[in-house]
Amino acid sequence: MKEAAVEDLHHYRNLSEFFSRKLKPQARPVCDNHCVISPADGKILHFGHVKNCEVEQVKGVTYSLESFLGPLSWKDDSHPSQNIPCTSFQDQLVTKEGNDLYHCVIYLAPGDYHCFHSPTDWKVYHRRHFPGSLLSVNPGIARWIKELFCYNERVVLSGEWKHGFFSLTAVGATNVGSIRIYFDRDLHTNSPRYSKGSYNDFSYVTSFRNEGIVMRKGEHLGEFNLGSTIVLIFEAPKDFAFSLKSGQKIRFGEALGSM
C-alpha cells in the first residue's frame, strides 16, 4: 500500500477499485533508455519475432495473427490513399522496408496492479472490440487451449509509432469482461447486446482529430477489473532486441526492448 496514491484501505469500496488504484508518481519510474516499456505489472509469457502469421501465447502454443487482430479494414480510415498489396497478413502490417514484426505477451495475475499504460509514444487510430468468452488466461490453461486469446473478449487498439505499425490488445479472462480504455467512453465490454464471433469497430481519426489519439510513453491508458493479459504486436527495425526472459516478473515502466 505504500505505493498507492491513497494508502487508506477504507477509501476503496471493493476489490476492483483496490486493484485499479492509482500509484504515487514515482512508484513506477518509466525507463527513458528504451523505446518500449512494460505497460503493466505482470509476468512475461512469450516474446520475439512473429513467424508464419502466428503468435505464441505460451511456448509451443500458437494463435493466428489475423484471427486475433481481425481484418485490416481500419487502415483505410487512417491512410485512405494507401493501396495494400495482395501479400500475407503479416506482411501487410509491416509498413517500412527493413522492418520485422514482433510480439510480447504479458500476463496480469489477479493480485497484480490492474491498470495499464502506454508502452511507447504512439498514435492510436482505431479500436476493435471482440465480444467473446471469458476463459482463464492463466499460463497453465493457455498451454492446452490453442488460440485461447482468439476466443476471449478483447479490445484491440491499433495505430503507429515512429517505426510503423503498433498495437496493444487487452484480453479479458475469467470474471474480467470489463475492460476500460480511459479515452474511449463509447466502449462497453461484457455487454449482452454484442454477440460472440462478431467485432465492433471505432475510428479515432476524424476531420477534427486527423492524428487519432496521441499517447505518450507511460501515460495512463486503461484498466481491467481483475488480472488478465496484454499482447503487444508491432513492427520495428531488424536490430530491435528484447531485454527479457520468458517467465520473468516485470513491472510497469521497466524496459521491454530497444534498438
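So the values come out like this:
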| item | result |
| --- | --- |
| Count of residues meeting criterion [under 20 Å from Cys104 (Cβ atoms), modelled with pLDDT under 85 and of a type in the set (Gly, Ala, Ser)] in region 148-191 | 2 |
| Residues being among the aromatic types (Phe, Trp, Tyr) and open to solvent by 10 Å² or more (accessible area, probe 1.4 Å) - total across region 92-112 | 1 |
| Hits in region 208-228 (condition: out of contact with any helix residue (DSSP H, G or I) (no Cβ under 6 Å at 6 or more places or on another chain), open to solvent by 50 Å² or more (accessible area, probe 1.4 Å) and either within 23 Å of Ala40 (Cα to Cα) or at pLDDT below 80 (or both)) | Val214, Arg216, Lys217, Glu219, His220, Leu226 |
| First in region 88-100 and more than 11 Å from Pro237 (Cβ to Cβ), second anywhere and assigned to a helix (DSSP H, G or I), Cβ under 7 Å, 6 or more apart | Phe89/Leu65; Phe89/Glu66; Gln90/Leu65; Gln92/Leu72 |
| Pairs, first under 16 Å from Val171 (Cα atoms) in region 116-131, second open to solvent by 10 Å² or more (accessible area, probe 1.4 Å) and assigned to a strand (DSSP E or B), C-beta under 7 Å, six or more apart | Phe116/Glu223; His117/His220; Arg127/Phe202; Arg128/Asp201; His129/Asn200 |
| Pair list, Cβ < 8 Å and 6+ apart or interchain, from region 202-228 residues that are part of a loop (DSSP other than H, G, I, E, B) to residues that are open to solvent by 60 Å² or more (accessible area, probe 1.4 Å) and among the acidic types (Asp, Glu) | Val205/Asp77; Val205/Glu211; Arg216/Asp121; Lys217/Asp121 |
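The values are calculated or read from the model by the stated rules, or taken from the named source; none is laboratory data. What you are looking at is a predicted structure, and each value in this text was computed from that prediction instead of being measured. Heads up, the Cβs are rebuilt from the backbone with ideal geometry, glycines too, and the neighbour counts pull from every protein chain shown. When the accessible area is computed, the model is the full protein with side chains, heavy atoms only, and any ligands, DNA or RNA have been set aside. Shrake-Rupley method; radii C 1.70, N 1.55, O 1.52, S 1.80 Å.
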